[in-house]
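See below for the structure under consideration.
Where a number appears in this text, it was derived from the coordinates with a stated rule and is not lab data. Source: prediction; values computed, not measured. Glycine gets a Cβ as well: all are built from the backbone with ideal geometry, and neighbour counts include every protein chain shown.
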Amino acid sequence: MKNNRRVVNFVVPFRGRFELIERCIQSLFSQVNEDWLAHIVEDDSDWDATDRKRLRVIVDSEPRITLYENSERQGPLHNVYNVIVNHLKGDDTIVAQLDGDDWLLPNATGIVLDLHKVFDVTYGQFLRHAPWTAWNMKAGQCRDYPKGVLEANSFEDFPWIASHLKTFKRKNFTDIPYESFIDPRCGNFWDSAYDQAFMLPILKMTDNNLIHFNPIPIYIYNMEQRKAEHVQEDKQLETEKYIREAVKLYIDQGKRFEN
């Protein structure tokens, strides 16, 4: 990485098999543009000691990677928040959220850096890794928001399309009211559909001219791992509904939940 060059800071929350985070890291090593940093948060206190050692060997050999290890599980949103707010510096720092069981295509870093010459916030199209289905390596649901949604600033009322790869300036994230990150049912960070808890506020608080949808797939979404984890769709949809209500409350109305 050359001095005085802008870089993409990939924030990578992770818990699961070593082979998954290894593949994710290898996709970073395969980037054509080498101007990236990775902040990996290992969030599995019960992880096998041998796998933890293997991960540390990789990290210790690569100065662009910083590893954070939690003593107990905190959840992905807490981990993303902690890295961006407490460890990254600078309002204009470029941040990209990469799940540790997913991976990037080799042109990802270069495209993100080019887009951030013009835009503050981007989201893109992804490809599904789902080898047991007919739509393996088919594109996801992401697209431009309709003009009416942009004009009404009603992102939270529209189906979720601002998915991987999500990128933004650090200030876009730190401007979000803290309460918007918290599930009022339990007082903890949102645990499901957590990317909407920061991306919807970011979209609502950003000038539409500084938001860009990238139609070129640069991200592989690992649905095989979601299947293995038995992701509860009903729970995720219920949480998504609460998150969208919180976005209305905090961003549109500037109110606080009553305890």
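Using the count of nearby Cβ atoms within 10 Å as a rough guide to exposure, how do Met199, Met223 rank from fewest to most?
Listed from fewest to most nearby Cβ atoms, that is Met223, Met199.
Give a quick list of trypsin sites (Lys or Arg not before Pro) in the range 122-195 that DSSP marks as loop, anything other than H, G, I, E or B, with at most 15 other Cβ atoms within 10 Å.
Counting only loop positions with at most 15 other Cβ atoms within 10 Å, the trypsin sites (Lys or Arg not before Pro) in the range 122-195 are Lys138, Arg143, Arg185.
Given a cut-off of 22 Å, name the pairs among Lys53/Lys169; Lys138/Lys204; Lys117/Lys169; Lys89/Lys169 whose C-alpha atoms lie farther apart than that in the structure shown.
In this structure, Lys53/Lys169; Lys138/Lys204 exceed 22 Å between Cα atoms.
Eigenvalues of the Cα gyration tensor times 5, then square-rooted: what semi-axes does that give for the range 1-84, in whole angstrom, largest first?
22, 15, 10
Please rank Leu165, Leu77, Leu67, fewest neighbouring Cβ atoms within 10 Å first, as an exposure proxy.
Leu67, Leu77, Leu165
Using a cut-off of 16 Å between alpha-carbon atoms, which aspartates and glutamates can reach Lys171, once sequence neighbours fewer than 8 places away in the same chain are excluded?
Reachable aspartates and glutamates: Asp91, Asp92, Asp120, Asp207.
With charges only on Cβ, +1 for K and R and -1 for D and E, what is the dipole size of the range 39-143 about its Cα centre, in debye, rounded to 20?
It works out to roughly 400 debye.
The range 42-135: which GluC sites (Glu not before Pro) are DSSP loop and have at most 16 other beta-carbon atoms within 10 angstrom?
Glu72
Along each of the three principal axes of the Cα atoms of the range 8-252, give the extent in whole Å, ordering the values from largest to smallest.
51, 43, 40
Give the order of Phe173, Phe14 when sorted by the count of other beta carbons within 10 angstrom, beginning with the fewest.
Final ranking by Cβ density, sparse to dense: Phe173, Phe14.
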